[in-house]
Amino acid sequence: AFIRLADPDDVFPLAFRPVQAALGAAGFAMTVVTVDGGAEGACAEGGQGALPYAVLSGVPDREPFGDGDGRSTAEEIEAYLAAALERAARRDGDCAGRYSLILRGADDSSATLVQHGPEPLFEEMESRLMLERFEGLFLLESDDQTRVQAFLDACEYCPNEAVLAGRLRAMRQTERVLALETEIWRDIENDAAPDRLQIYVRECTLCAFKDEAEVRLAALDAQARAEADEARRFAEAAEARDLPGLRAYLADCAACADRDGAQALIAELEADAAYQAERAALAAALTAADDAALDAWLEACRVCDGRAEAEAALDRLARLAALRGPCLAQAGLPQHGGPRRLDAIDAGAARAACGAVLTAFPDDPQAVVALGRVAQADGQAEEARRAYQSGVSAGLPAAHGLLAYLHFAPPGGAAADPQTAEALALDGAAAGDWLSKEILTILYSRGLVADRSAADAYKIAAPAAEEGNPVAQFFIGYFHQTGEGAVEDPAAAADWLGRAVAQGYLHANSFLAELHEKGLGDAADPERAAELYWTALEAGDRTARDRMTAQLSEREREVIRIIQQRLRDAGVYNGRVDGLPGPGTVRAVEAFVDDRAAQAG
């Protein structure tokens, strides 16, 4: 039975017992009483009209309202009606009644109140139930609260209502928790200390920002460790008064808590006179590209500010020296291990070796000047001049001597320029260049510079000779041999000329041979004299050729005889070996020298 009462004066509770007795006497197994607050008939079209039909049609027995066994028990119907009445009250407000009561006619909750047939009583209601059931299942997979709420507000039979309502509550609870966690995260995400972040990670419910919190914690941990490391580095550098270490601290620090202390200590150390002297020595060594000076600086430095720079420069110089070696061996000056004579330069090999230097070290003055010698050997005087001038501009001592030589003995019959040659040679000699000293010696000994004489040439050559310059040694020997610019001293002449000969300076051979030939400074030694002449002839030395041809008549007879025998042994002389000068001997000497030159070419 479904009864709806109007009770504007709210007297039904007082009449409940008699009404209950009357209803019990009527024999209904279950009665639903809805009490309105208004006049009788108010909201008569309310939403409860379908309830008896739903009960009769078996809706309460469908999952999840019943067990589907074809009968609706009192317990099942009561559960269905209670949910429906609560839903109506929630949706319709006053139209659903002030309150409703469900009264049982018997205490047996398992008693069957409705027995259902195999076919639904109302197909339309059954179809509606199925549609709502599937819609409810679909919504169980949805996170759209609005759709779930709309279904719960509009459904008629509302299968899955409890599950959907629970899901809706869970989603709303999640939403509330997420909102709270978001608010919390916005407050702590930029914390400079880890405390609140750690609590969030440990206690969070949804933990929507846990990954970000852990990243932030890791960053704070790394920052703390870095700050501790920075503090340690500063303390160690400050205790050791380590200027490079203090500079490195300032360059790399992140927190820089000790920046002011580091800057003050750096200023103090930089003001120290010993430090300034050490830096000046390093600057000089770097400017000069002096590997020995750099090694010495690294060995002796105390503050060692610039160690990395010095080590890098040494590494660069070592690589440069390794590349320069083959280049200078092919086309450098003799003091650098290269050939003295231009015609001894292998142009192809020299260009390849020096080109390798310039590939790795563009504009290296040593390689540029060496290639200038190659150009000069090829007769390209202007190219050589440009290369030497480049070397002079770079401050290369050897370039001064080479450029001075082009002014002293210009190719192509051009007029010599002794003044420019002297100026260049003076600068080169001051820097220790041997060729520059040689040119000055020649200029002064020949009187090509005003107010300069052989004595001045001797002063230039003497220190170079002591340094081991074979050309200077020759000149010192020549000056003592002739008495020009120095005291005539055959013994000293023999000593210095012998040193030049020992170093392979062939031009000295004939002058030393003359001393041995005539017994000057020592007993005559024609064998030694002839040997010296012969060695020079084999090498094509012009002075030895003149001595054995144009000046043959001035030679000692025993020396001529030995030379004649050597010429015969060489197959170029068929005359008598008698020590007498004659045209046959002269022709044999010329033939021998020309033949040797042809073989060498």
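The values are calculated or read from the model by the stated rules, or taken from the named source; none is laboratory data. None of these values were measured; they are calculated from a predicted model. Cβ: placed from backbone, ideal geometry, glycine included. Neighbour counts: every protein chain shown. Keep in mind that these areas ignore ligands, DNA and RNA; they rest on the heavy atoms of the full protein, side chains included. Shrake-Rupley method; radii C 1.70, N 1.55, O 1.52, S 1.80 Å.
Residues in the stretch 134-172 that are touching a residue at least 12 places away in the same chain (Cβ under 8 Å) and among the basic types (Lys, Arg) were compared, and the one that is most open to solvent (accessible area, probe 1.4 Å) is Arg172.
Cβ-Cβ contacts under 6 Å between residues 6 or more apart (or on different chains), taken from a first residue in the stretch 207-228 that is assigned to a helix (DSSP H, G or I) to a second residue that is exposed (fewer than 15 other Cβ atoms within 10 Å of the Cβ), are listed as Ala226/Ala254; Glu227/Ala255. Evaluated against (1) out of contact with any helix residue (DSSP H, G or I) (no Cβ under 6 Å at 6 or more places or on another chain); (2) at negative phi; (3) open to solvent by 40 Å² or more (accessible area, probe 1.4 Å), Pro410 falls short on exactly one condition, (3). Among the numbered conditions (1) open to solvent by 20 Å² or more (accessible area, probe 1.4 Å); (2) without any contact (Cβ under 8 Å) to a residue 40 or more places away in the chain, the only one that Leu403 does not meet is (1).
In this entry, Asp546 is excluded by the filter for residues that are over 24 Å from Ala425 (Cα atoms), assigned to a loop (DSSP other than H, G, I, E, B) and open to solvent by 50 Å² or more (accessible area, probe 1.4 Å). Here Gly306, Gly332 are screened, and the one residue that is open to solvent by less than 40 Å² (accessible area, probe 1.4 Å), at pLDDT below 95 and under 18 Å from Leu396 (Cβ atoms) is Gly332. Given Ala492, Ala387, which one is in a helix (DSSP H, G or I), over 21 Å from Arg341 (Cα atoms) and aliphatic (A, V, I, L, M)? One residue alone meets the criteria, Ala492. Restricted to the stretch 413-469, and to residues there that are basic (Lys, Arg) and open to solvent by 40 Å² or more (accessible area, probe 1.4 Å), the residue that is farthest from Gly337 (Cα to Cα) is Arg452.
Of all the residues in the stretch 62-92, those that are touching a residue at least 24 places away in the same chain (Cβ under 8 Å), of a type in the set (A, V, I, L, M, F, W, C) and surrounded by fewer than 19 Cβ atoms within 10 Å (Cβ to Cβ) number 1. The residue of the stretch 511-528 that is nearest to Ala461 (Cα to Cα), among those that are open to solvent by 30 Å² or more (accessible area, probe 1.4 Å) and of a type in the set (A, V, I, L, M), is Leu520. Screening Glu203 on (1) open to solvent by 90 Å² or more (accessible area, probe 1.4 Å); (2) acidic (Asp, Glu); (3) in contact (Cβ under 8 Å) with a residue 24 or more places away in the chain shows it passes everything except condition (3). Only one of the numbered conditions (1) buried (at least 16 other Cβ atoms within 10 Å of the Cβ); (2) more than 60 Å from the chain's Cα centre (by Cα) is not met by Ala508, and that is (2).
Residues are listed down the side, and each one gets a yes or a no for (1) in contact with a Ser or Thr (Cβ under 7 Å, 6 or more places away or on another chain); (2) not in a loop (DSSP other than H, G, I, E, B):
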site	(1), (2)
Asp363	no, no
His400	yes, yes
Ala404	yes, yes
Leu443	no, yes
